[in-house]
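Heads up: the structure comes next, in structure tokens.
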Amino acid sequence: MSIDVDPSASQTDLPAGSPAQAADQTGAQPPLAVPATAALNASNAEAAVPAELTNISERDLHFMGLAQAAADEARAAGEVPVGAVLVRGDEVIATGFNHPISGHDPSAHAEMAALRAAAQKLGNYRLPGCELYVTLEPCLMCAGAIMHARIARVVFGARDPKTGACGSVVDAFANPQLNHHTTVTGGVLEDECGDALSSFFADRRRAARERHAAAGRDGEPGASETL
């Protein structure tokens with residue numbers, strides 16, 4: 001996944017590095033039901049709703065909600081808010097959130113944290129039959145780790161137009177030459193996941209402007225006498 005989230009950023013483009021700003025990430029519409037009218041034929045229905053969104057279930061929404069909660073932990077820690085949950089069946093095996101800054105670790109993306117925790121818990125670096133839910137489209141690094149872990153399915157929320165490796169920039173999972181093929185479903189709670197990233201970066205920009213304005217006032221001639 002990417003950790004610079006500034007619709008152009010990725011999980012590591014914070015003031016000192018942070019993820020792709022998911023607010024303006026894609027403008028993709030949330031899952032919509034296709035109206036059942038006589039005038040709407042099967043081909044029109046398929047065009048109205050992207051194929052990947054027709055596979056979204058209440059289960060997907062539930063686990064993506066848990067990934068959002070993990071992303072909130074990242075935000076509370078001052079990191080770009082990206083969260084991940086790894087599940088097997090209906091059991092949550094591990095969660096993780098983005099923390100490359102506090103961890104001094106460029107690989108500490110939410111997906112990587114969840115994969116490491118799950119591997120430790122299960123005592124196996126292979127995680128067959130498991131699914132990974134993450135609030136931001138995985139980057140190439142995370143896509144590689146997901147394939148090495150033999151994850152069966154990846155479900156992501158907001159798309160990352162700068163470093164997304166599930167189709168936004170490259171599609172690492174579509175290469176037929178790979179010896180493992182992971183199913184990918186994108187756009188689950190896309191607007192909500194994107195809004196969380198957008199508001200994070202908006203708050204950072206506002207804080208930066210306020211600091212800049214304060215520094216300017218403090219530097220004005222005679223400012224010290226008027227305080």
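The values are calculated or read from the model by the stated rules, or taken from the named source; none is laboratory data. Note that the structure is a prediction, hence the values are computed from the model and not measured. Counting neighbours? That spans all protein chains shown, and the Cβs are built from the backbone with ideal geometry, glycine included. Ligands, DNA and RNA are stripped out before the accessible areas are found, and what is left, the full protein with its side chains, is counted by its heavy atoms. Shrake-Rupley method; radii C 1.70, N 1.55, O 1.52, S 1.80 Å.
Put simply, the amide H of THR183, placed in the peptide plane, has neighbours under 5 Å in ARG153, VAL154, leaving out anything fewer than 5 places away on its chain. Taking θ as phi - 60° and the Karplus parameters 6.51, -1.76 and 1.60, the scalar couplings of region 56-72 work out to 6, 10, 4, 4, 4, 4, 4, 6, 5, x, 5, 5, 5, 5, 5, 5, 4 Hz in sequence order, x denoting glycine and proline.
Considering all different alpha carbon pairs of region 114-227, the Kirkwood hydrodynamic radius works out to 16.8 Å. Of the solvent-accessible surface of region 48-197, computed with a 1.4 Å probe over protein heavy atoms with every protein chain present, carbon and sulfur atoms account for 54 percent.
Note on SER107 and LEU66: their simple-model spin labels are 2.5 nm apart, each label 7 Å out from Cα toward Cβ. Rounded to whole numbers, the Karplus 3J(HN,Hα) couplings from phi for region 152-164 are 6, 8, 10, 10, 10, x, 6, 8, 10, x, 9, 9, x Hz, using 6.51 cos²θ - 1.76 cosθ + 1.60 with θ = phi - 60°, and x at Gly and Pro.
Rg and Dmax of region 131-177, based on Cα coordinates, read 9.8, 28 Å. Solvent-accessible surface of region 87-182, averaged per residue with a 1.4 angstrom probe and all protein chains in place: 43 square angstrom. Residues whose amide H comes within less than 5 Å of that of VAL169, counting only those at least five positions distant or on another chain, are GLY164 (H built at 1.01 Å from N in the peptide plane).
Extending 7 Å from the Cα toward the beta-carbon at both VAL92 and TYR125 defines two label points whose distance is 2.8 nm. Database remark: amide H of ARG150 closer than 5 angstrom to the amide H of LEU127 (H placed geometrically; neighbours at sequence offset of 5 or more, or on other chains; Pro and chain starts carry no H). Applying the Karplus relation 6.51 cos²θ - 1.76 cosθ + 1.60 with θ = phi - 60° to region 175-187 yields 3J(HN,Hα) values of 6, x, 7, 5, 8, 9, 10, 9, 6, 10, 10, x, x Hz, where x marks Gly and Pro.
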